[in-house]
Amino acid sequence: MEPSGADEIARRSRGTPRIANRLLRRVRDFAEVRAQGVITREVAEQALRMLEVDHRGFDKMDRALLLAIIDKFGGGRWAWRPWPR
């Protein structure tokens, strides 16, 4: 793994070790099949694009949950009421 590939995976894991390990396993599998086993930034970006993980680290399920919060609750608990002063 090149440092730039590790940086890309770490950035998209949002600081969560469990997510970083999951993404690393999936990117590693992708690299073994399509990039001679070497994880570069480009290979990591291709694999994460295939997994539908965006540049902020949100996958399809994350986006669905966020949209549900926006649609059902108007953006969240405090979206309709300002913080107490």
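The values are calculated or read from the model by the stated rules, or taken from the named source; none is laboratory data. Here the structure is a predicted model, which is why all the values come from computation and not from measurement. Positions of Cβ are backbone-derived with ideal geometry, glycine not excepted, and every protein chain shown enters the neighbour counts. Surface accessibility is based on the protein's heavy atoms, side chains included, excluding ligands, DNA and RNA. Shrake-Rupley method; radii C 1.70, N 1.55, O 1.52, S 1.80 Å.
Here are a few things to note about the model shown:
- Average accessible surface for the chain: 76 Å² per residue, computed with a 1.4 Å probe over protein heavy atoms with every protein chain in place.
- GNM result for the chain, Cα springs below 10 Å: residue of 38, 53, 27 fluctuating most strongly: 38
- Acute angle (nearest 10 degrees) that the helix 41-50 long axis makes with the longest principal axis of the chain, alpha-carbon atoms: 60
- Accessible surface of the chain, 1.4 Å probe, proportion on carbon and sulfur as whole %: 56
- Net charge in the neighbourhood of residue 25 (other residues with Cβ under 12 Å of its Cβ; Lys, Arg +1, Asp, Glu -1) is +2.
- Matching the structure-derived P(r) over Cα pairs in 10 Å bins from 0, in percent against the labelled list (1) 18, 51, 28, 3; (2) 17, 40, 21, 14, 7, 1; (3) 15, 32, 25, 16, 9, 4, 0 gives the label (2).
- Local charge for residue 60 was computed over the other residues whose Cβ lies under 12 Å away, with Lys and Arg +1 and Asp and Glu -1, and equals -3.
- Once the Cα atoms are used to define both axes, helix 3-12 deviates from the longest principal axis of the chain by about 20 degrees.
- When region 1-81 is described by a simple charge dipole with +1 on each Lys and Arg Cβ and -1 on each Asp and Glu Cβ, the residue from 66, 36, 48 located farthest towards its positive end is 66.
- Between residue 16 and residue 51, the modelled label-to-label distance comes to 1.2 nm, taking each label 7 Å out from Cα in the direction of the beta carbon.
- Dividing the mean sequence gap of close Cα pairs (under 8 Å, 6+ apart) by how many residues the chain holds gives a relative contact order of 29 percent.
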